[in-house]
Structures are given as structure tokens and as C-alpha cells.
């Protein structure tokens, strides 16, 4: 009965158009009524405590870093470098998008920010070169998914807080899987464009490559600083977010001089608005998470999934399929916050490595950002590049299927995630 109250109140509120954050609060109220413990003071206290978390401070700073990078020229220089390196091969602009997405992922950690930057910079160039606009938009959307996988990642921060896991370990564990996802996109793009008759631009000279590398050098230093700092314990993930924001602001204002002092206020306001939406969502979800724990909902779910607990791989397949279905209708952040407290006890009962599960869970939620009909990143690409939503959905299908195939390959062979992760964080 408790599971029914939880699902019906949450899905019912969303079905009538109530925003997800308020739907989560209504779900919390419904659970309190069901448990005969309704108290507005408890509701308010848990709402405040939900956002009162030191690790969650990483979210606004990573949001700010992403805004500064897009406005201050760091993102453009990364794309220019990728152009000089692989722009001359057949379908080179597609490979540029994949390489640039990987590098930008190590700068901002936001799929939306990365997809917006790449759409504005590369889709006009790809269309001018003769590539299909829908396919180009689909590739950019699918490449944006890498943002929450390769560290730093806002998704890993939120999952780490909700699951009470080491965010540093999650960050380091996401590096190799992110590269594998990029490899799947690379192979898919190669297959799709192998018969195109588009003449690529000439290979850039060594001098041009060196110039592009020198211009992008300051931007490329940031992921190196963050990863080395996290690996050797110089700073925590929250402090890494502050380092990213301060460093990118310094480079954009002092080194590149593309971010004018008069623009700084607008960048901060934009980042603050986005952060406000995310943090209210987190706070509302943690109210429901507390009540889920009080109602022993995880225990009931463990009982339901007990037939699968004896086979960790089968259990992972079932969980991944569940998340795929949820991802078609819900954004990444609420999915993480709603499902994490329910699924983690099941995962631990089955003896699955929580870090391994976290990486696969975030990959699945990231792909959900390009899963129609809700896909947030699809909407961003369609809006920025002025492409019909139907065309973006048509273009993203082969890349999305390749990403799902790679994800299930990691389910079948957990060592693809676990071994590199343990090598990195010891």
C-alpha cells in the first residue's frame, strides 16, 4: 500500500502538470498522511535540511564555471583545437564534436551547457560542410550526454549526496566509461558518414596546430588541475568546484579578456537562476527520501526484487531497464533523487559495488537526457540550432542506441568500470 501511495501521488501530481519539485513535496505530504504523522513543521525542517549540505555547494560553482566557460571563450578555444586536430578527416566535424564534448565534460560537468555550446559553434559549420542537419543535431545531443559522466559531474555530486558515497571515487570511476561512450559515438558516426561525398578541409599545418594548442592551453589546464587535485587529496569535490569557477573566471577576464567586467553580473545571475531550480528540486526530493526511509519503502522494494538478488547481473539489467523507462518521462536530477534511496539497499543486498552501480546509474540517467519525448538536451539542441524537435529525435536515434549498447556492455562486463576505477583511486 505504501508503494502505491508513493507512486500514485507522485505520478498523479506530475500528470496534471504540477512541477516536479512541488510534485515531490505533495508526494511527501501524501506519505505523511498515510503514515499518520503529518506535521508541517517536520516537512519544512526536512525541506531546509535537504539543501543544507556542504557537498551540494559544488553544484552552484560548477554551474557558474560552465556559464563562464561558454561566455568567456574557453569552450570556443577547445572546439578550435579539436578542429585543427581531426577536422581534416572524412566526417571530421563529427569527430570534432565528440573530442570537444569530452574535453568540455572535464570543464563544466553539465550536459545542457556542453550541448548548448557545441550546438552554437558546430552545427552551422556541419550544415555548411554538407552534413545532414538532423544527424548533426543528433550527434551533438548524444555527445552532450558525456558531460555528466566524465568528471567533474553535477550528476555524480547529487548521487553521492543521496547515496552517501565518496564523490571523489565516483568522479574518478567515471573517466574510462565516459571515454567508452565517446568511442561508441565515434564508431557510429564513422559508420553513418563512410559513404558521404563531402570533401573535408585540408589538414592544418603543425604551426596552426601549435597555435590552437597554445590558445587552448589555459582551458586545458583546468581538468588536469581538478583530476590531479582529487586523486592526491589536495581538495574535495566541493573545493574543486570553487577552483573551477575561480580559475575559469581568471582565464576569461585576465588571460583571454573575452568576458568583460560588465558581463560578469549577468553570468552570475544566469548561474544563480539555474542553481535555484536544481537546489529546490534537491531539497524537495530529500523530503520524499526521508519519508521513503521512514516508511521502509526500500525494504518493500528489496522484497519485490528478491528473486533477482541472487543474480547481480540480472538485477542490474532489470534496474537499467527501469531507469530507461523512467528517463523517457523524467529529467536526470529528480530521477537520481527519487530512485537512489529506493535502489541502493537493493544493490547492497545483492553485493553489487556501489561505485560501479553509481557510474552505470548516472550513465543511464545521462542518456535519458536525449530520450524522447522529454529529453532536456534534445530541447536545448533544437532551440539553439533552430531545428525541429522531430528532426533532432530522428537524428539522435542511432547514437542513443550505441550509447545504450555500450552501457549494457558494461553491465555484462563490470570489469570495464571497476578495474580502471580502482586503478585510479586505489
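Since every read-out is calculated from the coordinates, none of them should be taken as a lab result. Computed from a predicted structure; not experimentally measured. Positions of Cβ are generated from backbone atoms using ideal geometry, with glycine treated the same way; all protein chains shown enter the neighbour counts.
A few notes on this one:
- Counting only alpha carbon atoms, the long axis of helix 154-163 and the longest principal axis of the chain meet at about 20°.
- Cβ crowding within 10 Å, taken as a proxy for footprinting-reagent exposure, orders 149, 154 from fewest neighbours to most as 154, 149.
- Three-way shape call for region 231-270 based on the alpha-carbon gyration tensor, with the a/c threshold at 1.5: oblate
- Relative to the longest principal axis of the Cα atoms of the chain, helix 354-367 runs at roughly 60 degrees.
- Tensor-based shape of region 43-134 (alpha-carbon gyration tensor, a/c under 1.5 rounded, otherwise prolate or oblate): prolate
- Label-point separation in nm, residue 389 to residue 45, each point 7 Å along Cα→Cβ: 4.2 nm
- Going from the fewest other Cβ atoms within 10 Å to the most, the residues 246, 103 appear in the order 246, 103.
- Helix 133-144 vs. the chain, principal-axis angle (Cα, 0 to 90°, nearest 10): 60 degrees
- Calculated [222 nm] ellipticity per residue, helices only, for the chain: -25500 deg cm²/dmol; basis is -39500 (n - 2.57) per DSSP H run with n ≥ 4, divided by all residues, nearest 500.
- Residues 169, 348, 195 in ascending order of nearby Cβ atoms (within 10 Å, fewest first): 195, 348, 169.
- Taking a ≥ b ≥ c as the square roots of the Cα gyration tensor eigenvalues, the chain comes out prolate, since a/c reaches at least 1.5 and a/b is larger than b/c.
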